[in-house]
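Student: Sharing a structure with you now.
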Amino acid sequence: MCINIPGKVILIKEENAKIKQRGHFHWVDISSLKDEVKKGDYLLTYQEAAINKISPKNAKEILRLMDSTSDAGVKCSN
C-alpha cells in the first residue's frame with residue numbers, strides 16, 4: 001500500500017515543479033495539471049508526476065494525521 005504525502009510547490013519551471021515533502025525536495029512533472037498549479041499549492045504525486053492538487057486545509061490535515069500516527073509508533077514500510 002502506498003501513502004501519498006502532500007508536497008508544497010516552491011518553484012515552477014515549464015512543466016515541472018519543485019515540491020517540498022516532509023523536509024525533502026523533489027522535482028515532479030506537472031504537465032497534466034500545469035494550468036492549475038502555482039507556487040504555494042499542495043500536490044499529491046505518484047512516482048515523479050503530479051496527479052492531483054489539494055487544498056491547503058486538506059494537505060495540513062493529512063500531514064497532521066501522519067504526524068500523529070508517527071508519534072504513536074506506527075511505521076510505514078515499502
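Quick note: the coordinates plus some simple rules give every number you see, no bench work behind them. Since the structure is predicted, the reported quantities are computational estimates derived from the model, not experimental observations. Note that each Cβ is placed from the backbone with ideal geometry, even for glycine, and that neighbours are counted across all protein chains shown.
Student: Starting from the alpha-carbon convex hull of the chain, give the projected area averaged over all orientations, in nm². Provide the component values of the computation, followed by the final result.
Tutor: Working: hull surface 20.5 nm².
Answer in nm², one decimal: 5.1.
Student: With charges set only on the Cβ (+1 for Lys and Arg, -1 for Asp and Glu), what does the dipole of the chain come to about its Cα centre, in debye to the nearest 20?
Tutor: 280
Student: While we're here: Got a sec? How would Asp35, Asp29 order by Cβ neighbour count within 10 Å, fewest to most? Before the final figure, lay out the partial values.
Tutor: On the way: Asp35 7, Asp29 16.
Fewest to most other Cβ atoms nearby, the residues stand as Asp35, Asp29.
Student: To continue, here is another question. Provide the per-residue ³J(HN,Hα) series for segment 9-15, in order, calculated from phi with Karplus coefficients 6.51, -1.76, 1.60 and θ = phi - 60°, each as a whole number of Hz, with x at glycine and proline positions.
Tutor: Once θ is set to phi - 60°, the couplings for segment 9-15 become 6, 10, 7, 10, 9, 6, 9 Hz.
Student: Let me ask something else. Calculated from DSSP H runs of 4 or more alone, at -39500 (n - 2.57) each and per residue, what is the 222 nm mean residue ellipticity of the chain, nearest 500?
Tutor: Details: 1 runs with 16 residues, N = 78.
Value at 222 nm, helices only, nearest 500: -7000 deg cm²/dmol.
Student: Now, a different point. Report, ordered by chain and residue number, the aspartates and glutamates lying within cross-link reach of Lys60, taken as a straight Cα distance under 18 Å and ignoring same-chain residues fewer than 8 apart.
Tutor: Partners found: Asp41, Asp71.
Student: Given H placed 1.01 Å from N in the peptide plane, which residues other than close sequence neighbours of Ala49 have an amide H under 5 Å from its amide H?
Tutor: Asp29
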